[in-house]
1. Once the Cβ-Cβ distance between Arg158 and Glu204 is put in as r, and R0 is 45 Å, what FRET efficiency do you end up with, to the nearest 0.05?
2. In deg cm²/dmol, rounded to 500, what helix-only [θ] at 222 nm does the chain give when every DSSP H run of at least 4 residues adds -39500 (n - 2.57) and the total is split over its residues?
3. Give me the percent relative contact order of the range 123-243, please, defined on Cα pairs under 8 angstrom at least 6 residues apart.
4. From Cα coordinates alone, what are the radius of gyration and Dmax values for the range 38-138 in angstrom?
5. Compute the signed sum of charges (Lys and Arg +1, Asp and Glu -1) over the other residues within less than 10 Å, Cβ to Cβ, of Pro76.
6. For the residue pair Ser28 and Arg237, what label-to-label distance in nm results when each label sits 7 Å from Cα along the Cα-to-beta-carbon direction?
7. Antiparallel as a % of all DSSP beta bridges within the range 160-243, to the nearest 5?
8. So for the pair Thr169, Met1, with labels modelled 7 Å out along Cα→Cβ, what separation do we get in nm?
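The values are calculated or read from the model by the stated rules, or taken from the named source; none is laboratory data. This structure is a prediction, so every number in the text was calculated from the model and none was measured. Neighbour counts are summed over all protein chains in view; Cβ atoms, including those assigned to glycine, are modelled from backbone coordinates with ideal geometry. When the accessible area is computed, the model is the full protein with side chains, heavy atoms only, and any ligands, DNA or RNA have been set aside. Shrake-Rupley method; radii C 1.70, N 1.55, O 1.52, S 1.80 Å.
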Amino acid sequence: MIETFPTPETLADAVARHIVARAAEAISATGRFTLALAGGSTPRAGYLRLATRDSRPELDWQRTHVLWGDERCVPPDDLRSNYRMAKEALLDRVPIPADQIHRIRGEDDPEKAAADYERELRALLGSEGLDLVLLGLGEDGHTASLFPGQAAVRETTRWVVAVPAPDGTMWRVTLTPAVLNTARNVSLVVSGASKAARLQQVLEGPFTPDVLPAQAIQPTQGRLTWMVDAAAAGRLRPETAPR
């Protein structure tokens, strides 16, 4: 499903409402809500809306567990840290228990951080999938830290792996399709004209996940939702992204 919104601001509002709605579904069904956050400026705007607007008291934070789809291998106070961004934009502003925030330890050795996070994730989820995964879309077609041409895109066994960034500047830790595609809901949030050409390729082009890793996100039983603003949707055919 593709949902389009006229502006980045209305997209951010929709992301906040979407999180609240999926939380209500999950808590009603299982008594808790597991949410994997994305990094980046577009999701951040949604987190700020969630933390500061009417949606905040609607979400039962005492029953919410927060995780991350990926992390840069930096300390948690580093400006590049996805954890730090989410902490400042959202988690410091809501009454979530500290032991229900499950961060990736980017300051550790990358392989160790990946193995530790996989153990934590498996212990938390058991045989269940995440309730909601939020992802972004990079201008090269990557999502989470699943980059073009890397083996992680086709991982079917491990839930979490360490990968080098394409520019070689640092390592990252990322969830893989093996766990992302078991989620009940996966939502890719995309904003801006700079993403329009790549979004068109991902949604309307041939299936080449080694080139466009975002195409590897295909939940086996859950719902896949693309939430995009008008600028990002600008090159899509009308039948692909009805307004």
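1. Numbers: r = 31 Å, r/R0 = 0.68.
So, using R0 = 45 Å, E works out to roughly 0.90.
2. About -9000 deg cm²/dmol.
3. Numbers: 229 pairs, mean separation 36.6, N = 121.
Result for the range 123-243 is 30 percent.
4. Using the Cα atoms of the range 38-138, the pair Rg, Dmax is 13.6, 40 Å.
5. 0
6. 3.6
7. Numbers: 5 of 11 bridges.
About 45 percent, rounded to the nearest 5.
8. Label at Thr169, label at Met1, 3.7 nm between them.
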